[in-house]
Structure formats: structure tokens, C-alpha cells
Amino acid sequence: NVDYSTKIPNNVNLAEDRQVLKALEGWHPGYMDWWKDMGPDGFQESLVYLRTAYSVDPRGWAKFDYVRMPEYRWGILLAPQEENRVIPFGEDYGKPAWQEVPGEHRAMLRRLIVIQGDTEPASVEQQRHLGKTAPSLYDMRNLFQVNVEEGRHLWAMVYLLQKYFGRDGREEADDLLRRRSGDADSPRMLGAFNEATPDWLSFFMFTYFTDRDGKMQLHSLAQSGFDPLSRTCRFMLTEEAHHMFVGETGITRVVQRTCDAMKDAGITDPNDIARIRALGVIDLPTIQKKLNLHYSLSLDLFGSEVSTNAANAFNAGIKGRYKETTIDDDHQLKSSTYPVMKLVDGQIKMVDEPALTALNMRLRDDYTQDCVKGMLRWNKVISTAGIDYKLTVPNTAFHRQIGEFKDVHATPDGLLIDDATWASRKNDWLPSTADGDFIASLMKPVTEPGEFASWISAPKVGIDNKPGDFEYVRIES
Ligand code: BYC
Ligand code: FE
Ligand code: FE
Ligand code: FE
């Protein structure tokens, strides 16, 4: 059900939507220029064993084959239209979902689509140098799979902008190719997307924690009363699952390798850092520091705990809650409250706020629960190895740049501390320059099929059930 006859594969009948097809075809060369400048560095000619979406049927939407990334068929894929779908929350609760942009919510809707769209190319930019230090061809392939799909997510938002927002939509689409992650003059819109992803441990943390913000936000937008946005996000979520798989299994494999090496060397103390590092693996406390960094950066992506933007988007029927349709309440939040973590007289306290303004906090709580679930696996590996150590998410107040705690310092345990204490202890909680240098020293590329770098164990199963020594990337092509 996907039309591959047009230059832009799609299931939205672009062949008969000439104006939008023309707009997208006009945008295409700029996208290709961007991909060549800012996409994976050094591997544009390599053949990569990638999956390409060929339908939106959850069972079997993908086809695997060797593809040169610039020839990847980035397409427009929306989940099927649900018959008689209604707006599931807000002031227009129960009315038919919008197939066109409701005029009074146009600016808000455009803004959310632009912000969502902006993160997708940003992550590709952040990760563009990682191919050169991939710990295996398997990992390299997964990186590139994530990258082409983030590229497709950009296409998904650009389609909405060009189809539904006319001239200003086209301008926004052009701007999405103009901004650059970390650029001083024209940065990406959200904080975490201007941070570096310097090494593969960061990449795995990013796909675990930051792509998971993507999951939560996409779930909220999938509830949208604006049906084309909802359908787009529903399909994007099926791709997102793989990104988080890459993060979860990536960290599991790093932890596994560390524990195995410690066991082989007869080391039981996880804080025996010099000896552990000498084994060519990453010590658990350093993994915890990276976790602290990426988790706290990702919490910032939820915006302020108390937000009128969030309340307005909910009232408008534009952005709902995680699993909105399964929540048993009025879906309007007329009188309910929600407990919000706040700074009151220099102390961290839970305060009941109107649920409507506390929606960012609620989504963030759902996010934290989701994060913690996958982490059980990492801790299982550690405890099975007989090592007394536990990875945990830091307190919400730790290392924040957005929201209630942006002006204070807190320990990972949530103890408020002064500037001097923070300055002297910071390197115990966040990766230091020395930690970064050590990790960087391990980032030696491994390109022999079936082989893995010293600091990460092999995956349990291959992609598309391929054997362990499968050549996922043919670098010389
Ligand atoms: N950095 O009321 P507030 C993904 C701004 S990730 C910089 O507190 P609001 C992916 C905010 O824009 C998912 N600025 O928050 C993952 C506002 O500015 P204005 C991306 C920030 O609006 C991995 C002001 O502060 N999708 O897909 O309720 C790889 C006050 O805002 C930040 C979305 O985020 C920040 N962290 O919520 C690839 C969904 N936080 O208007 C992809 C769409 C806030 O005063 N976006 N600000 O100039 C949204 O739903 C909302 O915009 C936010 C913020 C949740 C981000
Ligand atoms: Fe994405
Ligand atoms: Fe990051
Ligand atoms: Fe993603």
C-alpha cells in the first residue's frame, strides 16, 4: 500500500496531490545536500543492510536489503485513518477529529510540529561522526538505521508543514534544514539537541533516554485531535521502538562486558577504577555518570513542570496525555490536581497543582517509569555477576537547566547543595574531562565481521536473524 512510483514513496496518494508533491520535490534537493553535509560522515558510499518501510501494517512493514544511505527511500507514511475518530480530550472532547488545521489553533500546532521536526535532523547531526569509531559492523548498521529513520521523521513533519500550512509551512520546512546542532548562530531548538554525543556510550544513553522522550512526546501527539498528526506519529512510534532497543541492548552489552572482565580478573570492587579501566572496559561508576548526564538532559525536554503552554495545547485538543484514551477521567481536567515536585522555601516538596497546568510533569513521570523498567535488565546483569552495584536514575532536581530546579544545585540523591560544593563534587556525578578522555581512548573502530571492541559484548541475536559474522556494512563499495 505504499506507492514507490513517485520520487517520494508514500501512502498519502501524493501522485494525485500535485501541489504537495511539487513542494516536497522542491524541498528534496536541499534535504539531500543536508544529508551529504550533515549525515553519517565517511560512509555515504557504503552498502548498509537497512530496513525500509514498505507498508504500515505492524506485521511486516519492513524489508531488509543493502542500500547506500543517500539512496534510502525516505517516504511519507501515515498509519491508516481510523473511521469516525473523535478528539479524545480537551474543550472539543468527543467531536470529530480534524482532517484540516483548525484555524484558531494553527500557530500552536505549527510550533509543536516544527519543534518535533527540529529534533530529528539534530540527532543525525549529533551522531554523524560515530560511524568512524563503531565497535562493530552490527553497531554501525544500527547507528545508520537510526539515522535514516530520524531523517524520515523529518520528512514526516515536513509533509505536514507543506500540506497543511501553506507558505509559512514551506518556510519552516526550509528552516529545518538551516539550523544546526550546537551552532552558535543557528542552533537546534531544544537544549539536549545542541549537546555533543562524543562517543558510543553517549550514543547508547541518548537512544535509551533521549529517544524515549521522543516516544513519550510522539505518544502525546498521537492523541492529537488533528488527525494527520496523530496518524503520522502512530507510524513513527513503530520505528522509535528500534531506537530504544539499540540503547537498551547497547547499555546491557557494555555492562555485561564490564562485569565479565571484572570477573575474569577477579575484581569484585566496582570502585577499583584504575584496575578495571586497565582491562579495556568502562567501569560502572563512569557508566552511572553518563547516565546521570543523559537522563537529566532528557528531563529538560519535558519543559517546565507547570506550563500554560501545555495546558493550552491540551485544552485545544492538540497534545494529549500518554495513553489518553485508556485514562478513566473527564479528559478535560476541569477540577483535578496533580502532585508536582517544587522548590518551596529552599526545600524540595510535592505540591498539588491544577492537573491541566501540570501536564509536562505528568508526562515526565510516565517517562521516568518507562526508563526505570529497562534499567532493571542492566542491574540484573550486575547482580548476576555477583557485583555489589546498582545503576539508578538521579533525583529530578539534579543538573537541571529547565523548570523548578534550574537555579539550584542538587546531588543525585536530591540533596540541595551550594555552588562551592557543586563545583568541587560535580566530577563525581557527571563525566569529567578525564572520564571522556578514557572513553575516547577505547573508541577504536572494529570493522571485521563478527568482531567487537574490547568494551562491549556481542549481541544475543543478529538483526533480521542474521548470523554473528554477518557483514552488516560493506564499507568499501
Ligand atoms: N530547551 O512551558 P514550557 C524526539 C522553551 S524528542 C529549550 O516550560 P512547554 C527525538 C519552550 O519552547 C521529542 N527550550 O514548556 C529524540 C518555551 O519557549 P517559548 C521532541 C525549551 O512549551 C531523539 C519556553 O521554554 N518533540 O523526537 O510546555 C532523537 C517555556 O516552555 C525547552 C517534542 O518536544 C528545552 N528543553 O513544553 C530524535 C514535542 N523546554 O514558547 C528525535 C513538541 C522548554 O517561550 N514540543 N523550552 O519561546 C512540545 O511539546 C513542547 O514544546 C515541549 C516544551 C515539551 C518541548
Ligand atoms: Fe525520531
Ligand atoms: Fe546527549
Ligand atoms: Fe528516534
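The values are calculated or read from the model by the stated rules, or taken from the named source; none is laboratory data. Just so it is clear, the structure is predicted and the values come from calculations on it, not from any experiment. Don't worry about glycine lacking a Cβ; one is built from the backbone with ideal geometry, like all the others, and counts go over all protein chains shown.
Cβ-Cβ contacts under 6 Å between residues 6 or more apart (or on different chains), taken from a first residue in the range 440-457 that is touching a residue at least 40 places away in the same chain (Cβ under 8 Å) and over 18 Å from Arg141 (Cβ atoms) to a second residue that is hydrophobic (A, V, I, L, M, F, W, C) and assigned to a loop (DSSP other than H, G, I, E, B), are listed as Leu442/Trp455; Trp455/Val281; Trp455/Ile282. The criterion of being within 16 Å of ligand 3 (Cβ to nearest atom), surrounded by 18 or more Cβ atoms within 10 Å (Cβ to Cβ), assigned to a helix (DSSP H, G or I) and among the aliphatic types (A, V, I, L, M) does not hold for Leu363. Entry remark, the range 326-352: residues being within 18 Å of Gly90 (Cα to Cα) and either among the hydroxyl-bearing types (Ser, Thr, Tyr) or in a strand (DSSP E or B) (or both) number 5 in total.
Tell me whether the range 194-214 contains one or more residues that are part of a helix (DSSP H, G or I), within 16 Å of ligand 3 (Cβ to nearest atom) and among the β-branched types (Val, Ile, Thr). Don't jump to the end; show me each part of the working.
Narrowing the range 194-214 to residues part of a helix (DSSP H, G or I): 194, 200-214.
Keeping just the survivors that are within 16 Å of ligand 3 (Cβ to nearest atom) gives 194, 200-214.
Next, from what is left, pick out any that are among the β-branched types (Val, Ile, Thr): 207, 210.
Checked the range 194-214: at least one residue is part of a helix (DSSP H, G or I), within 16 Å of ligand 3 (Cβ to nearest atom) and among the β-branched types (Val, Ile, Thr).
Restricting attention to the range 107-132, the residues that are within 16 Å of ligand 3 (Cβ to nearest atom) and of a type in the set (Val, Ile, Thr) add up to 2.
Residues checked against (1) at pLDDT 95 or above; (2) under 30 Å from Ala355 (Cα atoms); (3) assigned to a loop (DSSP other than H, G, I, E, B); (4) in contact with a strand residue (DSSP E or B) (Cβ under 9 Å, 6 or more places away or on another chain):
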position: Ile267; (1), (2), (3), (4): yes, no, yes, no
position: Arg277; (1), (2), (3), (4): yes, no, no, no
position: Val281; (1), (2), (3), (4): yes, no, yes, no
position: Leu297; (1), (2), (3), (4): yes, yes, no, no
position: Val306; (1), (2), (3), (4): yes, yes, yes, yes
position: Ala313; (1), (2), (3), (4): yes, yes, no, no
position: Lys319; (1), (2), (3), (4): yes, yes, yes, no
position: Tyr322; (1), (2), (3), (4): yes, yes, yes, no
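Selection of the range 169-193 for residues being touching a residue at least 12 places away in the same chain (Cβ under 8 Å) and assigned to a loop (DSSP other than H, G, I, E, B) yields Leu177, Arg179, Arg180, Ser181, Gly182, Arg188, Met189, Leu190. In the range 89-99, the condition of being closer than 20 Å to Ile318 by Cα and either within 16 Å of ligand 4 (Cβ to nearest atom) or surrounded by 24 or more Cβ atoms within 10 Å (Cβ to Cβ) (or both) is met by at least one residue. For the range 350-379, which residues satisfy the criterion of being over 27 Å from Asn315 (Cβ atoms) and either among the acidic types (Asp, Glu) or out of contact with any Leu (no Cβ under 7 Å at 6 or more places or on another chain) (or both)? Cys371, Val372, Lys373, Gly374, Leu376, Arg377 - these are the residues of the range 350-379 that are over 27 Å from Asn315 (Cβ atoms) and either among the acidic types (Asp, Glu) or out of contact with any Leu (no Cβ under 7 Å at 6 or more places or on another chain) (or both). For the range 143-157, residues that are more than 16 Å from ligand 3 (Cβ to nearest atom), aliphatic (A, V, I, L, M) and within 17 Å of His129 (Cβ to Cβ) total 1.
Of all residues being in a helix (DSSP H, G or I) and charged (D, E, K, R) in the range 419-477, which is farthest from Phe203 (Cα to Cα)? Just the residue, please.
Asp419
From the list His294, His331, pick out the single residue that is within 16 Å of ligand 3 (Cβ to nearest atom) and over 13 Å from Glu404 (Cα atoms).
Numbers: His331 fails: within 16 Å of ligand 3 (Cβ to nearest atom).
Exactly one residue qualifies, and that residue is His294.
Taking each residue of the range 75-86 that is within 20 Å of Glu239 (Cβ to Cβ) and looking for partners that are of a type in the set (Ser, Thr, Tyr) with beta-carbon atoms closer than 6 Å, six or more apart or interchain, yields Ile76/Tyr159; Leu78/Thr232.
A quick yes/no check of all residues on (1) under 18 Å from Tyr159 (Cα atoms); (2) out of contact with any Asp or Glu (no Cβ under 6 Å at 6 or more places or on another chain); (3) surrounded by 20 or more Cβ atoms within 10 Å (Cβ to Cβ):
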| position | (1), (2), (3) |
| --- | --- |
| Trp27 | yes, yes, yes |
| Met32 | yes, yes, no |
| Met38 | no, no, no |
| Gly60 | no, yes, no |
| Phe64 | no, no, no |
| Tyr72 | yes, yes, yes |
| Gln81 | yes, yes, no |
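When Pro9, Pro29, Pro102, Pro70 are checked against the criterion of being in contact (Cβ under 8 Å) with a residue 60 or more places away in the chain and under 30 Å from Ala134 (Cβ atoms), a single residue qualifies: Pro9. Of the residues screened, Gly166 is one that is without any contact (Cβ under 8 Å) to a residue 12 or more places away in the chain and of a type outside the set (Asp, Glu). Among the residues of the range 156-214, those identified as within 10 Å of ligand 1 (Cβ to nearest atom) and of a type in the set (A, V, I, L, M) are Met157, Met189, Leu190, Ala192. Please verify whether the range 260-282 includes one or more residues that are surrounded by 19 or more Cβ atoms within 10 Å (Cβ to Cβ), under 30 Å from Arg234 (Cα atoms) and among the small types (Gly, Ala, Ser). Within the range 260-282, not a single residue is surrounded by 19 or more Cβ atoms within 10 Å (Cβ to Cβ), under 30 Å from Arg234 (Cα atoms) and among the small types (Gly, Ala, Ser).
Condition check ((1) assigned to a loop (DSSP other than H, G, I, E, B); (2) farther than 23 Å from Phe470 by Cα; (3) touching an Asp or Glu at 6+ places or on another chain (Cβ under 6 Å); (4) of a type in the set (Asp, Glu)) across all residues:
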position: Val20; (1), (2), (3), (4): no, yes, no, no
position: Gly42; (1), (2), (3), (4): yes, no, no, no
position: Glu45; (1), (2), (3), (4): yes, no, no, yes
position: Val56; (1), (2), (3), (4): yes, yes, no, no
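One residue stands out in the range 214-232 among those that are within 12 Å of ligand 4 (Cβ to nearest atom) and not aliphatic (A, V, I, L, M): the one that is surrounded by the fewest Cβ atoms within 10 Å (Cβ to Cβ), namely Lys215.
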